[in-house]
Every structure is written in structure tokens, then in C-alpha cells.
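Structure first, then comments.
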Amino acid sequence: MTSFSHRVEQVSISGIREVFEAAGEDAINLGIGQPDFPTPEHAREAAVEAIRAGDGDAYTSNKGTESLREAIAAKHARDNDLTIDPEDIIATAGGSEALHIALEAHVDPGEEVIFPDPGFVSYEALTHIAGGDPKPVPLREDLTLAPETVREAITDDTAVFVVNSPANPTGAVQSPEDMREFARIAEDEDVLCVSDEVYEHQVFDGEHRSPAEFTSSDNVAIVNACSKAYSMTGWRLGWITSSTDRIERMLRVHQYGQACASAPAQYAAEAALSGPQDVVGEMRTAFEQRRDVLLDGFEEMGLDCPRPSGAFYAMPKVPEGWVDEVLDRGVVVVPGEAFGERGAGYARISYATDIETIEEAIDIMKAATDAVR
């Protein structure tokens, strides 16, 4: 019998999914990383119009339609003050595929990928799938990633380091000074910095900056998506941009593994990026209000929680047995160790739901906290 590859045997089903499957149907879900808002109507209509016109029936260019890539380039000029050639953009099946092709194109067997711990679950898994060696590194007390930690972790075997700001699962936002230093590290060490910027529009305190703003070298690749900014997780439309040479190599992986992103989703994404941006600010305001309600609840419980400055997650320190007690009482939260060994003793709470539901969950979490103390 044909055996399974060593690469895939090193990867297990996400701990997040395991929690979801174990929860009851009536549970309050504070585990899902998905906005609870509808996709903007003009984005939906753009997809419908494309389908009716027959524009969604066929393959697009492997990189994506020219008009979508122009819209992505215009977004980076508008939001990040970056000048990007649309030819140096690949539209992908969500930000996850963008991460995948970045690692596949740059990591050889035995080479290291440095990423935050706790950090997004895909970083370790996709490193294994690419044949690389995961190298998780610890965070500061405020759950941001220190540039000096990354620099100290780099060896001759390091191919990539990943920066994620705002971050999943912590909600931490890196300072402009940190981002400048990450760019300098990539240049000094001649190592690729993959900057995961999917949550860039969910910033409440501070500001979002990209390492790409601080370098003229080709050692930064930006991963982004419409998923969180426009509540389009199900549309599976992301992108990656970097230097021409790097894009050409990543395109080889994308071309054979995906061919192109879904055509209707590309038209929806183009409309979302090019159309009215009011919804982005409205969601950000709602998430900030929800964050504040949740943080007040943690304070009343006596739980210490580094203040999340962005995304829609909080990561409080919790007593032993807390996660199981909360789950048993009907609130879905994710144990911190699902995001890395250094996540032990924490829990990730998503506040991508309405305030009434959050307040109900807080009451349950208070009772659970009292029960385990």
C-alpha cells in the first residue's frame, strides 16, 4: 500500500476545528474568526452581474483579471502609500493560498521558517507541507513580536520569517518602529519577510504599517485578502505581492495547484476594493465597541488580558481547567495551545458577534471562572 508522505503526517487537523465540532448546536460561538456582517451589497451584485454576463464561466489569467489586480494596486497606493505594478500581484484562493505559495516557492527541505508563538495555525502547518522546519519564537508580554527575537533566531538555514499585524490570535498590532526593523532584518540577513496583513483595517489603537513601506529590497512579500476587511471569508479571495522574480516563482506553484482564483469572486473583490469603503469603518467601530465590552468583562472576572489593539480577538490568561469549564457551559472558546506551545495558559476569544451575545457569554464565563478558582 502506498504510504502517506512524511510532510502531511506532521500536520494534524486544526485545534480550532476540533473545538467547533465538540461544541453543541446551541453553543455561543466565540471561537470563529469570521466577521458577522454581510458582504457589501455592491460586491455581491458585481459577482451576480458577472455571472449573468457569462464572465464567471471561464478561467481568468493565472494572476487574476487585470482589472482586479489594478484595483489591488490602487488599494495599496490608497491605504499603504505603496506603488505596486499590477503584474506583481497574484490573486489567490484566500490569504491561506497566498501563504501556501509563498512558502512553497521559497522553502527547501530542512530550511527554517520563523513565526510567532502563539501565532496563526497555518504558519506551522504550511511550513511542514513545504518540507521546511518550523521555528516558532516567543512574544513580548504585550503579545507583540520583538524584531530582536527574530534577528536572534535567524541562522544560515532560515528561508522566511513571518510577521502578522494585526495578529491572529492575539489582536496585537506591531509599531511602525517594529515594522521598519523587520524590513531592515530582511535586508540585512537576505531573508524573505512574509507580512500577513489580512487584518490591516481592524486597528483601534496605533496604526497599521507594512514592512514593505520601509525597504527598497525585494525581501518582503505582502499577503492580504478581502476576507476580514469586507466580510468575504466564504468568497476565498486573497492576494500576494512582491518583486517580479518572486511573483514569477510563486506563480509556478499557483498555476499548477489552483490555476486561478474563482472568477465570480474576483469581480466581487474588485467591486469591494474599488467601491464605497464606509463598511470597513463601520465594522471597525463595531469591533472596537465589542472589544471594550469584553475587556470590561475580563476585568470583572479578574482575568489578565493584554489589550488587543486590532483584529477581533482577545487572548486572556486563564486558570487551569477554564477552557473546558467554559465549553461545558456552552460557550465556544479556543485553547491557547492550539496556536503554539507558548499559548498554553491562554484562551483565544473572538468578539466577531453582537454585543448582546458577548454580554451573555461574559456572564457564563464569569460563572466558569468562579467554578475553577
Quiz item: In the range 105-127, which residue that is closer than 15 Å to Ala167 by Cβ and among the small types (Gly, Ala, Ser) is surrounded by the fewest Cβ atoms within 10 Å (Cβ to Cβ)?
Solution: Ser122
Quiz prompt | Extreme residue, nearest to Ala286 (Cα to Cα), among residues of the range 336-364 that are outside any strand (DSSP E or B) and among the aromatic types (Phe, Trp, Tyr) | solution = Tyr351
Self-check item: The one condition in (1) over 14 Å from the mean Cα position of the chain (by Cα); (2) at negative phi that Gly110 fails to fulfil
Solution: (2)
Quiz item: What number of residues in the range 346-373 are crowded, with 17+ Cβ neighbours inside 10 Å and either among the acidic types (Asp, Glu) or under 22 Å from the mean Cα position of the chain (by Cα) (or both)?
Solution: 8
Quiz prompt | Scope the range 278-319; condition within 15 Å of Tyr230 (Cα to Cα) and under 21 Å from the mean Cα position of the chain (by Cα); matching residues | solution = Val279, Val280, Gly281, Glu282, Met283, Arg284, Thr285, Ala286, Phe287, Ala311, Phe312
Quiz item: Since Leu82 meets every condition but one in (1) crowded, with 19+ Cβ neighbours inside 10 Å; (2) in contact with a strand residue (DSSP E or B) (Cβ under 9 Å, 6 or more places away or on another chain), which condition does it not meet?
Solution: (1)
Exercise. Could you check Ser61 against (1) over 30 Å from Val8 (Cβ atoms); (2) in a helix (DSSP H, G or I) and say which number it fails?
Key: (2)
Quiz item: Taking only pairs six or more apart or across chains, which ones have beta-carbon atoms under 8 Å, a first residue in the range 280-293 that is not assigned by TED's automatic domain parsing to the domain that holds Tyr230, and a second residue that is β-branched (Val, Ile, Thr) and modelled with pLDDT of 95 or more?
Solution: Arg284/Val203; Gln289/Ile355; Arg290/Thr353; Arg290/Ile355; Arg290/Ile358; Val293/Ile355; Val293/Ile358; Val293/Ile362
Quiz item: Within the range 29-52, how many residues are over 11 Å from Tyr351 (Cα atoms) and outside any helix (DSSP H, G or I)?
Solution: 4
Practice problem: Return yes when Ser61 is modelled with pLDDT under 95 and of a type in the set (S, T, N, Q) and no when it is not. | Solution: no
Quiz item: Quick one: in the range 219-254, which of the residues that are over 14 Å from the mean Cα position of the chain (by Cα) and of a type in the set (Lys, Arg) is nearest to Ala268 (Cα to Cα)?
Solution: Arg252
Exercise. Please enumerate the residues belonging to the range 299-345 that are more than 24 Å from Gln289 (Cα to Cα), surrounded by fewer than 19 Cβ atoms within 10 Å (Cβ to Cβ) and touching a residue at least 60 places away in the same chain (Cβ under 8 Å).
Key: Glu337, Glu341, Arg342
Quiz item: Within the range 90-146, which residues are acidic (Asp, Glu), in a loop (DSSP other than H, G, I, E, B) and closer than 26 Å to Glu177 by Cα?
Solution: Asp117, Glu141, Asp142
Exercise. Scan the range 14-28 residue by residue and report those that are modelled with pLDDT of 90 or more and either in a loop (DSSP other than H, G, I, E, B) or closer than 20 Å to Gln266 by Cα (or both).
Key: Ala27
Self-check item: Unmet criterion (only one of (1) outside any loop (DSSP other than H, G, I, E, B); (2) free of Cβ contacts under 8 Å to residues at least 60 places away in the same chain) for Ser216
Solution: (1)
Practice problem: Please enumerate the residues belonging to the range 128-150 that are closer than 11 Å to Val162 by Cα and out of contact with any Asp or Glu (no Cβ under 7 Å at 6 or more places or on another chain). | Solution: Leu145, Val150
Self-check item: Residues of the range 131-151 satisfying the condition of being crowded, with 17+ Cβ neighbours inside 10 Å and either in contact (Cβ under 8 Å) with a residue 40 or more places away in the chain or assigned by TED's automatic domain parsing to the domain that holds Ala314 (or both)
Solution: Gly131, Pro136, Leu139, Leu143
Quiz item: Which residue out of Glu87, Glu152 is of a type in the set (Asp, Glu), under 30 Å from Ser309 (Cα atoms) and not in a strand (DSSP E or B)?
Solution: Glu152
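The values are calculated or read from the model by the stated rules, or taken from the named source; none is laboratory data. Just so we're clear, the structure is a prediction, and the values are computed from it rather than from any experiment. Virtual Cβ from ideal backbone geometry, glycine too; neighbours counted across all protein chains shown.
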